[in-house]
Amino acid sequence: MEDRIEIIEGDITRQKVDAIVNAANTSLLGGGGVDGAIHRAAGAELLEETRKIGGCPTGEARVSKGYCLPAKWVVHTVGPVWSGGRNDEDALLAGCYRSCFREAVKLGIKSIAFPSISTGAYRFPLDRATGIALTETRQFLLTNKTIAKVMFVCFGERVLNSYKKAYARIFG
Ligand code: AR6
């Protein structure tokens, strides 16, 4: 299973994978952070499509095309806003990863790249979030045979180190 997971430092908009995941908000109309970067790199057609999709609840995912991105698809998911941990944040974040994997299977794709959902503007504690990301990925890959590569694209060394630590704990 280990050779199906890749943890790298980089910009998700540059990744040559079948699908990239966007850490969006419930409107799906764009925003800052990775969402802004994806909309800028994909071009205006992305917003036209996400406007038609009409939003997405927290913990779920919706698919659009990738337009000018190297990735053919964007899986938009909405992470929880951290508010102390008593509002189902862990389960909602796990739901994001599960929903993205479900959409990836439906699309029949082979590779998908994730950013660190909820850990920027939404302030989810980083180590807790990377633990959930890798736990859900492990659970998924145990039974899935179609996805050959799950990539975690870390924006900066702090995020990279957190994933490496979580990886050692969960897969080591
Ligand atoms: N490639 C990979 N990761 C990135 C990139 C990039 N180009 N740019 C930022 N990150 P955030 P959230 C990292 O705030 O916490 C938006 O306004 C970033 O360093 O993008 O889920 C949406 O519209 C961090 O590690 O997403 C929502 O309103 C991670 O991506 C809200 O922010 C997530 O940070 C969602 O907040």
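Could you list all residues from region 10-27 that are within 9 Å of the ligand (Cβ to nearest atom) and under 15 Å from the mean Cα position of the chain (by Cα)?
Within region 10-27, 10, 11, 12, 13, 14, 15, 20, 22, 23, 24, 25, 26 meet the criteria.
Determine, yes or no, whether residue 75 is open to solvent by less than 50 Å² (accessible area, probe 1.4 Å) and away from the ligand (no atom under 12 Å from the Cβ).
For residue 75, the condition - open to solvent by less than 50 Å² (accessible area, probe 1.4 Å) and away from the ligand (no atom under 12 Å from the Cβ) - is met.
Output the number of the condition that residue 35 fails; it satisfies all remaining conditions of (1) without any contact (Cβ under 8 Å) to a residue 24 or more places away in the chain; (2) surrounded by fewer than 20 Cβ atoms within 10 Å (Cβ to Cβ).
Unmet condition: (2).
For residue 60, are the conditions met, namely being open to solvent by less than 60 Å² (accessible area, probe 1.4 Å) and more than 9 Å from the ligand (Cβ to nearest atom)?
No: the conditions fail for residue 60.
Based on this model, can you work out whether residue 50 counts as open to solvent by less than 30 Å² (accessible area, probe 1.4 Å), touching a residue at least 12 places away in the same chain (Cβ under 8 Å) and either β-branched (Val, Ile, Thr) or within 14 Å of the ligand (Cβ to nearest atom) (or both)?
yes
Which pairs turn up if I take residues in region 145-171 that are among the β-branched types (Val, Ile, Thr) and look for partners that are within 15 Å of the ligand (Cβ to nearest atom) and open to solvent by 80 Å² or more (accessible area, probe 1.4 Å) with beta carbon separation below 9 Å, at least 6 apart in sequence or on another chain?
Close Cβ pairs (under 9 Å, with a partner that is within 15 Å of the ligand (Cβ to nearest atom) and open to solvent by 80 Å² or more (accessible area, probe 1.4 Å)) amount to 153/9; 153/14; 159/9.
Could you tell me which numbered condition residue 71 fails, if it satisfies all but one of (1) outside any loop (DSSP other than H, G, I, E, B); (2) under 16 Å from the mean Cα position of the chain (by Cα)?
If we test residue 71 against (1) outside any loop (DSSP other than H, G, I, E, B); (2) under 16 Å from the mean Cα position of the chain (by Cα), just (1) comes out false.
Answer yes or no: is there a residue in region 92-111 that is under 21 Å from residue 33 (Cβ atoms) and open to solvent by 50 Å² or more (accessible area, probe 1.4 Å).
yes
Confirm whether residue 50 is over 19 Å from residue 105 (Cβ atoms) and part of a loop (DSSP other than H, G, I, E, B).
no
Can you find a residue that is of a type in the set (D, E, K, R) and either in contact (Cβ under 8 Å) with a residue 12 or more places away in the chain or in contact with a Leu (Cβ under 8 Å, 6 or more places away or on another chain) (or both) anywhere in region 73-88?
No, region 73-88 contains no residue that is of a type in the set (D, E, K, R) and either in contact (Cβ under 8 Å) with a residue 12 or more places away in the chain or in contact with a Leu (Cβ under 8 Å, 6 or more places away or on another chain) (or both).
Just a yes or no: is a residue in region 132-150 within 16 Å of the ligand (Cβ to nearest atom) and under 19 Å from residue 32 (Cα atoms)?
Among the residues of region 132-150, not one is within 16 Å of the ligand (Cβ to nearest atom) and under 19 Å from residue 32 (Cα atoms), which makes the answer no.
The values are calculated or read from the model by the stated rules, or taken from the named source; none is laboratory data. Note that the structure is predicted; figures quoted are calculated from it, not measured. Quick reminder, even Gly has a Cβ in these numbers, built from the backbone with ideal geometry, and neighbours come from all protein chains shown. The area values use the complete protein model at the heavy-atom level, side chains included, leaving out ligands, DNA and RNA. Shrake-Rupley method; radii C 1.70, N 1.55, O 1.52, S 1.80 Å.
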